[in-house]
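Where a number appears in this text, it was derived from the coordinates with a stated rule and is not lab data. Since the model is a prediction, treat every value here as computed from it, not as a measurement. Note that each Cβ is placed from the backbone with ideal geometry, even for glycine, and that neighbours are counted across all protein chains shown.
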């Protein structure tokens, strides 16, 4: 009884990590990012069971795609380069994986991609998920992702088409490969988005100096991990300052300190991708670190959200 | 890691379809580990080690056929050794292999023998012309051969040779080969599943445990980093032997 009581008292003084972000209620603000361990319902469910506040699927399109030839990843000193090429079994076949993922007990967000507002709309209305994340930012697939997502008018049109057909929150994942990400964020907001997610990877390349061959099968890919975190923090800060809707921060979050920094920049929640190379334990580590930090500072998440903008 | 450059030192033809490539570099793999082989300009594919500095390749796809165009002096890119290999347990082990899946087992057997273990083998192939590494296995201890067509050894699938061995007498059993062959063995020897280590084949892309293409149901095991060697009792509770996902992530047959 004594043990139970003391456990209860510890729980009651630990600050809550629950957040409302972009139309979803999350038990914590640490989300599995799109394209990471999101090919199967089982791996998504495992991420949920290991502490993710929500999980995002691999990006889903109209038809099965095998993706690019390998190498599909290159580990560089400062992060990870990838060009997977949007492999997916089609949104129709993937519904069974989403159903499995839901057993994890946290929101399952379906990432979707298409080449036109109509295609996005069709996929959106054919999927049962807790929210949709529009991939308007993949930097390495012809006709998809950033090839649409760098044009504000297309971002608005795609978002609008999905909002018209979806009954769940719609998040728009933005590309940093643009002169002004705020313009893209405002376009998503005009289209009716419930949140923007920033950032997708930075378009990048690595060359094998023994042979001169670009290492990635697709030549170009996207850079993620520690190298992009300062870029992501800047983008989140700019977006949060200009937009009414929520901003979800992603890019180089691997420790609780990164999550805290992203939230201070204005993020309502964060996503974790490349750091999953360390294993599923990352969710627990970040959440525990955030809790202890908030407790030490006698603050809650809402207090630190966007703090930097109030400090300058 | 970025791919390291490795000059092919020697190419040996094992059968018309199977070749062994000796690679440059101090790779120091454990048996059962794999390496991502980049045939520049073509693709990158996972390959098991058949020795401390060799891979043995069955030409089945674009990348492996392109690799067959390369001879000694050509170079390839390598990432690895990767994954969890076989773990030697006890001092009397049985190797059960099928086709080119015998390659990592020959490597394991030689290390086990050098460590003082008794090593017996059950190896199966389609036909006498497909047999590889027979003398390597015979050099380790008792070796029983099967062929599907009966042209050498016992006629039938690998499981046709199971009755030659009493699994109770072995401290550990090691399994590698086509999935349905491994499934056949595991399902016939269920009571020993907790001492059977099997090397599984899933679609590896990133090989660093993030892309998810090799994840297995129902636990989401990342075969590329948590495997490729997985205990059979875990496989009995999984998709293994029933389906596996291909390049697009669609569920398909585990034939081949």
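See the values below:
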{"item": "Residue within the range A:75-85 that is in contact with a strand residue (DSSP E or B) (Cβ under 8 Å, 6 or more places away or on another chain), more than 8 Å from chain B (Cβ to nearest Cβ), surrounded by fewer than 24 Cβ atoms within 10 Å (Cβ to Cβ) and not in a loop (DSSP other than H, G, I, E, B) present", "result": "yes"}
{"item": "All positions within the range A:87-99 that are within 10 Å of another protein chain (Cβ to nearest Cβ) and buried (at least 24 other Cβ atoms within 10 Å of the Cβ)", "result": "A:87, A:88, A:89, A:94, A:97"}
{"item": "Those strands (runs of 3 or more DSSP E) lying entirely in the range B:57-138 with at least 1 residues under 19 Å from the mean Cα position of the chain (by Cα) and either touching a residue at least 60 places away in the same chain (Cβ under 8 Å) or surrounded by fewer than 18 Cβ atoms within 10 Å (Cβ to Cβ) (or both)", "result": "B:75-82, B:92-98"}
{"item": "Of all residues in the range A:243-262 being touching a strand residue (DSSP E or B) at 6+ places or on another chain (Cβ under 7 Å) and not in a loop (DSSP other than H, G, I, E, B), the one that is nearest to the other protein chains (Cβ to nearest Cβ)", "result": "A:250"}
{"item": "Test for residue B:133: is it more than 14 Å from every other protein chain (Cβ to nearest Cβ) and on the phi < 0 side of the Ramachandran plot", "result": "no"}
{"item": "Residue within the range B:196-206 that is assigned to a helix (DSSP H, G or I) and over 22 Å from residue A:97 (Cα atoms) present", "result": "no"}
{"item": "Test: residue in the range B:217-230 that is assigned to a strand (DSSP E or B), on the phi < 0 side of the Ramachandran plot and without any contact (Cβ under 8 Å) to a residue 24 or more places away in the chain", "result": "yes"}
{"item": "Filtered residue count, the range B:1-55, keeping only those that are in a loop (DSSP other than H, G, I, E, B), more than 19 Å from residue B:110 (Cα to Cα) and more than 10 Å from chain A (Cβ to nearest Cβ)", "result": "4"}
{"item": "Qualifying residue in the range B:172-180 (condition: part of a loop (DSSP other than H, G, I, E, B), in contact (Cβ under 8 Å) with a residue 12 or more places away in the chain and either in contact with a helix residue (DSSP H, G or I) (Cβ under 7 Å, 6 or more places away or on another chain) or farther than 25 Å from residue B:108 by Cα (or both))", "result": "yes"}
